[in-house]
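Note sheet for the following structure.
The values are calculated or read from the model by the stated rules, or taken from the named source; none is laboratory data. Values in this document were obtained by computation on a predicted structure and should not be read as measured data. With ideal geometry, Cβ positions are generated from the backbone for all residues, glycine too; neighbour counts draw on all protein chains shown.
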Amino acid sequence: MNSVSRRIDPEVIVSAILGVSSALSIVFMSQLVAPPKVLFGRSLTAISPSLFPYLVLSGLVALNMLFLYRCNTRPEGIWSPPTYNEHSRIRGLLLFAIMLFYALAMAPIGFLISSVLALAMISILVGNRSVWQILLVSLLPPVFLYLVATRLLAVALPELSPIEFFYAYVLGESGGIGAAQ
């Protein structure tokens, strides 16, 4: 292979950019996240508002480093011949459209429904045809993430009231419907 036809994989470039951006975001977190509101000398939140972004960005840096390491240990390294076709471009555009839908649907229909729909569409896009796998992949992670984020990390995610009431009822929390009885 001559040096003219050698190119760095676009995935490697994107991963490197995301990794550097994530690392810089961690370094400058104090300028990116507003300090918590304080009332009478006490913070109104149980945890620091920067904890969730630190967790997500640290995970993203770790995944990018793992990806770049795996790419570097391939026989061809980070260099590969360009292998693009029209199908790849269409799938990339469809993924972008799904992510755009997810971002725009989060506020009006809530985290859980928009996450389930987006994960189901992505699962179909990558070629999964098993109904049971699509259901498991699209239902379990959003429910788990919602419960961890809202109950453990005390992060407010947009959600429809009936779903929040259902979670409160299932988890046996008082303060919901009928708490004054």
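Within the range 102-118, residues that are closer than 13 Å to Pro141 by Cβ have Cβ atoms under 7 Å from residues that are aliphatic (A, V, I, L, M) and outside any helix (DSSP H, G or I) in these pairs: Phe111/Leu157, counting only partners at least 6 apart in sequence or on another chain.
Take the residues in the range 18-46 that are assigned to a loop (DSSP other than H, G, I, E, B) and either more than 26 Å from Thr150 (Cβ to Cβ) or of a type in the set (Gly, Ala, Ser) (or both); name whichever of them is modelled with the lowest pLDDT. If we take residues in the range 18-46 being assigned to a loop (DSSP other than H, G, I, E, B) and either more than 26 Å from Thr150 (Cβ to Cβ) or of a type in the set (Gly, Ala, Ser) (or both), then Gly41 is modelled with the lowest pLDDT. Among the residues in the range 124-136, are any modelled with pLDDT of 90 or more, touching a Leu at 6+ places or on another chain (Cβ under 8 Å) and of a type in the set (Ser, Thr, Tyr)? Checked the range 124-136: no residue is modelled with pLDDT of 90 or more, touching a Leu at 6+ places or on another chain (Cβ under 8 Å) and of a type in the set (Ser, Thr, Tyr). Restricting attention to the range 89-147, report how many residues are of a type in the set (Gly, Ala, Ser), closer than 30 Å to Val170 by Cβ and outside any helix (DSSP H, G or I). Residues that pass the stated criteria total 2.
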